[in-house]
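Colleague: Please see the structure below; I have some questions.
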Amino acid sequence: MKHTRIKMICIVIGMILLLSTVVNAVSMGGFSLLHAAGDAETGELPKGTALSIAEAIPEEYSPEELITNTYHEDMLSDLGIDKTGEILDFNFAARSLTAINERYPMECVRRVTDQLIYAVYRIEGEGKEFNAYFFFEKLNPAETAATKGAEVWWLTGRVLFSEKELSLEDFATISVGSSVKDVAKIDPMTSDFVPEDTGPITVQDFDFELNDYVERIYTPEPVLEYKDYHLLTDGILCVMYSRSSADDDFVVASMGVNPYFEVESNYSRGTVRQEVAPIDFPN
């Protein structure tokens, strides 16, 4: 009984010291604890560290109060994320929580479940500022070959953006046939999602008859349809746009909302719930 009490006291003291370190790290700005405890190369963190940090950040503090660094939107391409938030399948891109934090220190982290957390970044570009939400899923230790007592968190789903707080009701005037400009009046981020057609480009092909490389002019096919995602307070709205030719403007072809904030997981089979706390929407 005596040994059990001593063991329990040690555990409690250990948790108090960990949380104290977490609070100090958060108060200094940035996710400095991860730099000390995490391994950017392997993606490993001591078990429980990520959740402890997320839970130590006061829920009543908004990103505006927590975030001191604003990153340029170039960080998205640097991390292999396209402008609509799709996580591209690039081998070079950082994907673990520790690797991304190594490049872009996190200052606002929230817990969704014991298996899912997200980080809020403040991004600037094209004369505007907006929030970007990066979701991380805890990987199955048996499938990561992680060191005993360690865990790995991996970027999952898609990156979501918000320039202002919106609900589905705000899109009540949007229907099939509405223009991109109509949608952009409601969510200014819409204009950033429109794909750009690529003009003629010069490529080099090997000519076996000439036994040498020759230059050819190649004109990519115009983009005739695309979709974007809008993070709302009551779900995730997906809007599909289409046009008949490159000379036409994109219009809304279809739209649907997922009230459960479900996005397909990049790691596990199924979906992850990419819902953010109300306080984390931009003011």
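Colleague: If r is the Cβ-Cβ distance from residue 253 to residue 196 and R0 is 22 Å, what FRET efficiency results, to the nearest 0.05?
Modeller: Values: r = 19 Å, r/R0 = 0.87.
About 0.70, to the nearest 0.05.
Colleague: Can you order the peptides 161-172, 83-94 by their average number of other Cβ atoms within 10 Å per residue, highest first? Please report the intermediate quantities before stating the final value.
Modeller: Working: 161-172: 15.7, 83-94: 13.8.
Final packing ranking: 161-172, 83-94.
Colleague: A further question follows. Quick check on the chain: helices-only [θ] at 222 nm, where DSSP H runs of length 4 and up contribute -39,500 (n - 2.57) each and the sum goes over total residues. Nearest 500, please. It would help to have the intermediate numbers written out before the result.
Modeller: Details: 9 runs with 69 residues, N = 283.
Rounded to the nearest 500, the figure is -6500 deg cm²/dmol.
Colleague: Would you mind getting me the FRET efficiency between residue 91 and residue 233? Use the beta-carbon distance for r and R0 = 45 Å, nearest 0.05.
Modeller: Efficiency, from the Cβ-Cβ distance: 0.80.
Colleague: Say R0 is 45 Å: what FRET efficiency, to the nearest 0.05, do residue 205 and residue 283 get from their beta-carbon distance? Can you show the working numbers first?
Modeller: Values: r = 53 Å, r/R0 = 1.18.
About 0.25, to the nearest 0.05.
Colleague: So, one more: How large is ³J(HN,Hα), in whole Hz, for each residue of region 105-120 in order, when computed from phi with the Karplus curve 6.51 cos²θ - 1.76 cosθ + 1.60 and θ = phi - 60°, using x for Gly and Pro?
Modeller: Once θ is set to phi - 60°, the couplings for region 105-120 become x, 8, 10, 9, 10, 10, 8, 9, 9, 5, 10, 8, 9, 9, 10, 9 Hz.
Colleague: Name the most mobile residue of 205, 78, 39, meaning the one with the largest mean-square fluctuation, in a Gaussian network model of the chain with Cα contacts below 10 Å.
Modeller: 205
Colleague: Gaussian network model of the chain, Cα springs within a sub-10 Å range: biggest mean-square fluctuation belongs to which of 188, 220, 63?
Modeller: Highest fluctuation of the listed residues: 220.
Colleague: Within 14 Å, Cβ to Cβ, of residue 40, how many net charges do the neighbouring residues add up to if Lys/Arg are +1 and Asp/Glu are -1? Present the calculation step by step, with values, prior to reporting the outcome.
Modeller: Values: positive: 95, 103; negative: 39, 41, 44, 102.
Once all neighbours under 14 Å are counted, the net charge is -2.
Colleague: Taking θ as phi - 60°, what are the ³J(HN,Hα) couplings along region 242-251 by the Karplus curve (6.51, -1.76, 1.60), each to the nearest whole Hz, with x for Gly and Pro?
Modeller: 8, 7, 7, 8, 5, 7, 9, 8, 6, 10
Colleague: Determine one quarter of the surface area of the Cα convex hull of region 168-258, which equals its mean projected area, and express it in nm² to one decimal. Working shown, then result.
Modeller: Values: hull surface 31.5 nm².
Mean projected area for region 168-258: 7.9 nm², to one decimal.
Colleague: At 7 Å along the Cα-to-beta-carbon direction for both residue 175 and residue 216, put a label point, then send me their distance in nm to one decimal.
Modeller: A separation of 4.7 nm, rounded to one decimal place.
Colleague: Let me ask something else about it. If each of residue 246 and residue 165 carries a label point 7 Å out from its Cα toward its Cβ, how far apart are those two points in nm?
Modeller: The two pseudo-label positions are separated by 4.4 nm.
Colleague: Using all C-alpha to C-alpha distances in the chain, build P(r) with 5 Å bins and read off the rounded percent in each one.
Modeller: Reading upward from the zero bin: 1, 5, 10, 14, 15, 14, 11, 9, 7, 6, 3, 2, 1, 1, 0, 0, 0, 0.
Colleague: Can you give the local net charge around residue 110? Use residues other than it whose beta-carbon is closer than 11 angstrom to its beta-carbon, Lys and Arg +1, Asp and Glu -1. Walk me through the numbers before you get to the answer.
Modeller: Values: positive: 111; negative: 55, 59, 275, 280.
Residues close to residue 110 contribute a combined charge of -3.
Colleague: What is the total of Lys pairs in the chain with C-alpha atoms under 23 Å apart, excluding same-chain pairs fewer than 8 positions apart?
Modeller: 19
Colleague: What residues qualify as long-range amide H neighbours of residue 112, i.e. H under 5 Å apart, gap of 5 or more or another chain, H built at 1.01 Å from N?
Modeller: 117, 118
Colleague: Here is a further query. Using a Gaussian network model of the chain with C-alpha springs under 10 Å, which one of 49, 198, 147 is most mobile by mean-square fluctuation?
Modeller: Evaluated over the chain, the most mobile residue of the options is 198.
Colleague: Put +1 on the Cβ of each Lys and Arg and -1 on the Cβ of each Asp and Glu in region 160-252; which of 199, 237, 224 then has its Cα farthest toward the positive end of the dipole?
Modeller: Sorting the options by dipole projection puts first 237.
Colleague: Using only Cα atoms, tell me the angle between helix 2-27 and the longest principal axis of the chain; keep it within 0 to 90° and round to the nearest 10.
Modeller: Computed tilt is about 40 degrees.
Colleague: Something else about it: Could you work out how much longer the chain between residue 128 and residue 42 gets when fully extended? Use 0.36 nm per residue separation minus the Cα distance between them, nm to one decimal. Could you put the intermediate results ahead of the total?
Modeller: Details: separation 86, 0.36 × 86 = 30.96 nm, distance 3.50 nm.
Computed gain between residue 128 and residue 42 is 27.5 nm.
Colleague: Shifting gears a bit: Grab the other residues whose beta carbon is less than 9 angstrom from that of residue 223, score K and R as +1, D and E as -1, and report the net. Working shown, then result.
Modeller: Working: positive: 243; negative: 196, 197, 221, 225.
After counting each charged neighbour, the total is -3.
Colleague: So if each residue of separation counts as 0.36 nm, and I subtract the Cα-Cα distance between residue 147 and residue 59, what length gain in nm does that give?
Modeller: Numbers: separation 88, 0.36 × 88 = 31.68 nm, distance 3.14 nm.
Taking residue 147 through residue 59 to full extension adds about 28.5 nm, to one decimal.
Colleague: Now for a separate question. What is the magnitude of the charge dipole of the chain about its Cα centre, with +1 placed on the Cβ of each Lys and Arg, -1 on the Cβ of each Asp and Glu, and no other charges, expressed in debye to the nearest 20? It would help to have the intermediate numbers written out before the result.
Modeller: On the way: 22 positive and 48 negative charges, 408 e Å.
Using only the charged Cβ atoms, the result is roughly 1960 debye.
None of the figures in this text is laboratory data; all of them are computed from the coordinates on show. Worth saying up front: this structure is predicted, and the values here are computed from it rather than measured. No Cβ is skipped: glycine too gets one built from the backbone with ideal geometry, and neighbour counts run over all protein chains shown.
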